[in-house]
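To start, the structure itself, in structure tokens.
The values are calculated or read from the model by the stated rules, or taken from the named source; none is laboratory data. Because the structure is a prediction, the values reported are computed rather than measured. Side chains are part of the model used for accessible areas, which takes the heavy atoms of the whole protein and leaves out ligands, DNA and RNA. Shrake-Rupley method; radii C 1.70, N 1.55, O 1.52, S 1.80 Å.
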Amino acid sequence: MEGQRWLPLEANPEVTNQFLKQLGLHPNWQFVDVYGMDPELLSMVPRPVCAVLLLFPITEKYEVFRTEEEEKIKSQGQDVTSSVYFMKQTISNACGTIGLIHAIANNKDKMHFESGSTLKKFLEESVSMSPEERARYLENYDAIRVTHETSAHEGQTESSSSSSSQPHSSHCRTKASSLCHHASLPWVKRNHVGPAKATSPSLRLRRWRPFLRLPSMGLHSVAPSIDEKVDLHFIALVHVDGHLYELDGRKPFPINHGETSDETLLEDAIEVCKKFMERDPEELRFNAIALSAA
């Protein structure tokens, strides 16, 4: 994607919740970590859940799948309700903000907005636009861009005293709990600071934060250069009119993953997340956060 480029947004509930608050969303719904995929760990997520955001690596395997999936849907077709709010992504590294917009826009009737909410105004003004028009509208929506940049910087604040033994990572922006789908996978260079409540042998909770090595300053968490290549991507999984939709601004249209309900959205969304992980069994950089009633 050419054109505008934003700083990457961190997959961190504290960052996303503060971002949405600054955009005028009342905190009656909050993002929380999803610690794993088995029933015990999913039971830790407050209910109801109205959206799930997945952060995953864009790999060669995934890009092959994405191309094949698009060709298959164009050939065979799919049912997509007109009620789905979907927008394309034309701004590099804006997938976090677009994922949040998808999550809120498709649950707008559940949300409470503060007076003068920037996000509510954007959604109301773009409701009749095409996905491409919404993308262009976001390009020029300075109130959201500035809030995104502020949140991206805040998500990288870390003192040197707390990071002296942290691992090095080049671009990953994930602070939320990593979903590890097989216990025999090798331990990656991450510090385990979360509560060890994952009792299933097939799942672990690993919590980690990326760092960039600075030659004379030890290890610090810093915002990457705006021109730095980032190979992680956000998508939103939402329930609209009885179906589970994957909303990814890099794709030409929403993906219908079948039937779901308000009660089963989390479990159904996690089944989709599992497929992402199964396509790249050597990858461990998967994170999920859920939008739950506070």
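Observations
- Legend: residues Lys108, Lys74, Lys251, sorted from most to least accessible area (1.4 Å probe; ligands, DNA and RNA excluded), read Lys74, Lys108, Lys251.
- Heavy-atom surface of region 10-79, accessible at 1.4 Å and reported per residue (Å²): 46
- Global form of region 1-44, assessed from the alpha-carbon gyration tensor, a/c cut-off 1.5: oblate
- Region 79-124: C-alpha gyration tensor shape, a/c 1.5 cut-off, then a/b vs b/c: oblate
- What the phi angles of region 90-96 give under the Karplus curve with 6.51, -1.76 and 1.60, with θ = phi - 60°, is a coupling list of 10, 10, 4, 6, 8, 5, x Hz, glycine and proline written as x.
- 3J(HN,Hα) couplings calculated from phi for region 9-14 with the Karplus curve 6.51 cos²θ - 1.76 cosθ + 1.60 (θ = phi - 60°) are, in sequence order, 9, 7, 7, 9, x, 5 Hz; Gly and Pro show x.
- Region 57-163 shape via C-alpha gyration tensor axes, a/c threshold 1.5: oblate
- Links that overshoot a 18 Å alpha carbon limit, given the list Lys88/Lys274; Lys21/Lys110; Lys21/Lys88; Lys61/Lys275; Lys110/Lys274: Lys88/Lys274; Lys21/Lys88; Lys110/Lys274
- Estimated vicinal HN-Hα couplings, Hz - region 140-149 in sequence order (Karplus 6.51, -1.76, 1.60; Gly, Pro = x): 10, 9, 4, 4, 6, 4, 5, 5, 4, 5
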